[in-house]
Amino acid sequence: MKPYIFITRKLPENVISKLDNRYTISMWDKEDVPVPRQRLLDEAQKADALLTMLSDSIDEEVIKAGSNLKVIANLAVGFDNIDLAAATEHGIAVCNTPDVLTDTTADLTFGLLMATARRLVEAAEFVKEGKWQSWSPLLLAGHDIHHKTIGIVGMGKIGETVAKRATGFDMEILYHNRTRKPEVEEAIGAQYVSFDELVKRSDFIVCLTPLTHETRNLFTADVFASMKRSAIFINASRGPVVDEEALLAALKNNTIAGAGLDVFTIEPISADHPLLTLPNVVALPHIGSSSVETRETMMELCLENIDKVLTGNDPITVVNKDWKLQLSH
Ligand code: DGY
């Protein structure tokens, strides 16, 4: 019997077909609707491998259901949707897609910063809605980006690449990270500062830190209160890193000037969410790594990781490096 791979979303046939002859592959048949929970549990029971999305909750229940499961390949660099401890305990490799999405996600993050600062979405809508009656001196005037201070919270590879983008805009670059990165300081001229100092000094606060126990609700009302009134907050990591109620209040009360958000506490955010009524918010549907090229490369990497594990080899990009220690099946 061929090993069985279940993919929790409809992916392009050309990507899947490369593995077709050696595996039985089945996919949830919808592109834009997540697999129902019961189907996920049923499939986990049968599968040797799962290819999952960041929107699937791969918790202990799913992992326990997967008595044959050997590998979970998540189509994202983040893996906060997966119970890593449970997977490790059951000897299941958890793989993600780092590196291949770094530039694409950095592009989106910097683009979101620019769109928010220069009010690009508002301006484009203004034209399309026929509101442009005349040129005027302060029409949709935004905030400068060049020569300002950017503060990057979470200096992983994406953070570094955003910092590289910022050098082209002659920005002062501050960063905060769990560990200091002397090589980035040297190469890009970024300055390591405490979280408090970063928040106080930055014109653009860019959040790229992974969601962990330590970073959940990192951005509180007090943090927004200590930002400049002209500050713009950008979040391209995970929604729960931010106290969304506090952010909403800070934007409404002009405690800060604006926010560019690719991620939210609950995704998809509901269309009547109060954040979406604010003109100084640019909201995107979690598209950080979403270019055609990069998404295809991410899918291929997921499948390569699955293939490696199912043929008894080490996966290319594994998150729980100790997965084999517990191997019991
Ligand atoms: C990821 O891969 O974790 C990002 O959120 C994609 O946009």
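Keeping all protein chains in place and using 1.4 angstrom, which order do Met299, Met114 fall into by accessible surface area, from largest down? All intermediate terms of the calculation are to be shown ahead of the outcome.
Details: Met299 25, Met114 65 Å².
From most accessible down to least: Met114, Met299.
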>> Defining a contact as two alpha carbons under 8 Å apart and six or more residues distant in sequence, what relative contact order in percent does the chain show?
In response: 19 percent
> What stretch of the chain, leaving out the sites themselves, is the longest with no trypsin sites (Lys or Arg not before Pro) in a DSSP loop having at most 13 other Cβ atoms within 10 Å?
Replying inline: 31-130
> For the chain, what % of the accessible area comes from carbon and sulfur atoms, probe 1.4 Å?
Replying inline: 53 percent
> At a Förster radius of 30 Å, what calculated FRET efficiency corresponds to the Cβ-Cβ distance of Leu41 and Leu19, to the nearest 0.05?
Replying inline: 0.80
>> I'd like to check one number: the per residue accessible area of the chain, probe 1.4 Å, reported in Å² as a whole number.
In response: 49 Å²
>> Run lengths n ≥ 4 of DSSP H only: what is the helix-derived mean residue ellipticity at 222 nm for the chain, with -39500 (n - 2.57) per run over all residues, to the nearest 500?
In response: -9500 deg cm²/dmol
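Out of the GluC sites (Glu not before Pro) in the stretch 87-132, which ones are loop residues according to DSSP with at most 14 other C-beta atoms within 10 Å?
Listed in order of number, the matching sites are Glu129.
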>> A 22 angstrom limit on the alpha carbon distance is what I want to check against. Which of Lys10/Lys46; Lys64/Lys321; Lys70/Lys308; Lys157/Lys200; Lys157/Lys252; Lys2/Lys46 exceed it?
In response: Lys157/Lys200; Lys157/Lys252
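Answer rounded, prolate or oblate for the stretch 181-329, using the Cα gyration tensor with square roots of eigenvalues a ≥ b ≥ c: rounded when a/c is under 1.5, else prolate when a/b is larger than b/c, else oblate.
It comes out prolate by the Cα gyration axes.
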>> Quick check: pseudo-label points 7 Å beyond the Cα along Cα→Cβ at Asp99 and Ser290, how many nm apart are they?
In response: 2.6 nm
> Label points 7 Å out from Cα along the Cβ direction at Lys10 and Asp222: separation in nm?
Replying inline: 4.9 nm
>> What three numbers, in Å, describe the spread of the alpha carbons of the chain along their principal axes, ordered from the longest?
In response: 71, 48, 32
>> Could you compute the net charge surrounding Leu19? Neighbours are other residues with a C-beta less than 11 Å from the C-beta of Leu19; K and R count +1, D and E count -1.
In response: -1
> Given q = 0.08, 0.09, 0.11, 0.18 Å⁻¹, what are the Debye log10 I(q)/I(0) values for the stretch 102-283, with equal point scatterers placed on the Cα positions and solvent ignored?
Replying inline: -0.24, -0.30, -0.45, -1.19
> How about the stretch 10-71: which GluC sites (Glu not before Pro) there lie in a loop by DSSP and see at most 13 other Cβ atoms within 10 Å?
Replying inline: Glu31
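Under the Kirkwood approximation for Rh and a Cα-based Rg, what ratio Rg/Rh is obtained for the stretch 27-70?
Radius of gyration over Kirkwood radius for the stretch 27-70 works out to 0.93.
Which net charge results when you count Lys and Arg as +1 and Asp and Glu as -1 among the other residues whose beta-carbon is under 12 Å from that of Val199?
So the surrounding residues net to -1.
Quote the FRET efficiency, to the nearest 0.05, computed for Glu186 versus Arg229 with a Förster distance R0 of 35 Å and r equal to the Cβ-Cβ distance. Let's see the in-between values first.
Values: r = 33 Å, r/R0 = 0.95.
In this case the efficiency is close to 0.55.
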> Mind checking which of Ser202, Ser226, Ser134 has the largest fluctuation in a GNM of the chain, springs on alpha carbons under 10 Å?
Replying inline: Ser134
> Efficiency by 1/(1 + (r/R0)^6): what FRET value for Ile316 and Lys128, r their Cβ-Cβ distance, R0 = 41 Å, to the nearest 0.05?
Replying inline: 0.40
>> Please compute the contact order of the stretch 102-283 in relative form: average sequence separation of alpha-carbon pairs under 8 Å and at least six residues apart, divided by the residue count, as a percent.
In response: 20 percent
> Among Met299, His286, Pro315, whose Cα sits farthest toward the positive end of the charge dipole of the stretch 189-329 (+1 at Cβ of Lys/Arg, -1 at Cβ of Asp/Glu, about the Cα centre)?
Replying inline: His286
>> If you filter the stretch 183-277 for GluC sites (Glu not before Pro), then keep DSSP loop positions with at most 12 other Cβ within 10 Å, what is left?
In response: Glu214
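The values are calculated or read from the model by the stated rules, or taken from the named source; none is laboratory data. All of these numbers come straight from a predicted model, not from anything done at the bench. All Cβ positions, glycine included, derive from the backbone under ideal geometry; neighbour counts span all protein chains shown. Please note that ligands, DNA and RNA were not included when accessible areas were found on the heavy atoms of the full protein model with its side chains. Shrake-Rupley method; radii C 1.70, N 1.55, O 1.52, S 1.80 Å.
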